[in-house]
1. Could you state the per residue volume, in Å³, of the convex hull enclosing the Cα atoms of the chain?
2. So which DSSP H runs in the chain come out at 20 Å plus along the axis (Cα) with average Kyte-Doolittle of at least 1.0?
3. How do the peptides 199-207, 223-231 rank, highest first, by the average count of neighbouring beta carbon atoms within 10 Å per residue?
4. Take the solvent-accessible surface of the protein heavy atoms, probe 1.4 Å, and return the percent of it on the chain that carbon and sulfur atoms account for.
5. Which whole-number percent of Cα pairs in region 135-180 have a distance greater than 14 Å?
6. Rg to Rh ratio, region 158-213, alpha-carbon atoms and Kirkwood radius?
7. Based on the Cα atoms of region 48-187, what semi-axes does the equivalent ellipsoid have, where each is the square root of 5 times one gyration tensor eigenvalue, given in whole Å with the largest first?
8. Size of the dipole of the chain about the Cα centre, Lys and Arg at +1 and Asp and Glu at -1 on the beta carbon, nothing else charged, in debye to 20?
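The values are calculated or read from the model by the stated rules, or taken from the named source; none is laboratory data. From a predicted model like this one, the values you see are computed outputs, not experimental measurements. Quick reminder, even Gly has a Cβ in these numbers, built from the backbone with ideal geometry, and neighbours come from all protein chains shown. With ligands, DNA and RNA removed, areas are computed over all heavy atoms of the protein, side chains included. Shrake-Rupley method; radii C 1.70, N 1.55, O 1.52, S 1.80 Å.
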Amino acid sequence: MTTDPMRAVPVLVPDAGPPLDYYLVLPRPGGPAATVEGFVVEEFTRHHDFTTTGLDSAAWTPEAGWWSSTVLSRGMRTDPEVLERVVPTSRREAEEIYRALGGGQLPDESVLRTHFLDHHPIASAPPLRLGPAQPPAGFHERRVYRVLFAKELRADQLASLRTAWRTPAGGTGTSAASGRRDTGADQITWDLRRVGHHLAWALDVMVLLTTDAVDAVGSTLTELTNVLRQHGLIPVTTERFS
């Protein structure tokens, strides 16, 4: 993987935010997951409305140790060869890989964040209006989010999503998989579809609020994004359209 690494000099900072995202790096495109070159740890930075402002990441290999590079972050989402070499994983598996490759015990996430030295800003803009300006009767606010993802979904991964989300047989229009969650009188619905001439996946999430429980919006977006990571996709950014 071609990078311009910035070597990390750890400075302890308090732990914060949701769990970090972990990715295995394979030695070659399409190589077996049993053979791992290293791994990547990432965390998005966000506005108060949960839209993306940037991405922090650090990679580790036995030879180089920890290093940080925006080139790597971009390549994981735009370079087809790099995309084939990167596989989403869990912290537990990252701990096992780190130990097996001679790193010892994987540091806590508060320590891992100290290796984020090369921040990758992601441009954002005020929410665009998509759909009616006013929420439906009975709701005081309507929000529409789009989470973009790179990489491909296999047929079995898509089928697993459809089952987990209880997507109706045949899908819903252009949606490949969809779901819904009611939290009290608040409603959150989502649809996964292909975008960009089938070059990417988008998760469109519509939120209808009767309460001020905005934190539930962020936790649901995080949960849905993690589910799609677990099924093989790599998140790129979260945008808001209303």
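1. Values: hull volume 34.1 nm³, N = 242.
Taking the convex hull of the Cα positions in the chain, it is 141 Å³ per residue.
2. Numbers: long enough: 215-230 (23 Å, -0.01).
Span-like helices in the chain: none at all.
3. Details: 199-207: 19.8, 223-231: 17.7.
Averaged packing, sorted descending, gives the order 199-207, 223-231.
4. Numbers: 6730 of 12120 Å².
Summing carbon and sulfur atoms, their accessible area is 56 percent of the total for the chain.
5. Numbers: 668 of 1035 pairs.
That tail contains 65 percent of the Cα-Cα pairs.
6. Rounded to two decimals, Rg/Rh equals 1.04.
7. Values: eigenvalues 250, 91, 53 Å².
Listed largest to smallest, the semi-axes of region 48-187 are 35, 21, 16 Å.
8. On the way: 24 positive and 29 negative charges, 150 e Å.
Approximately 720 debye in magnitude.
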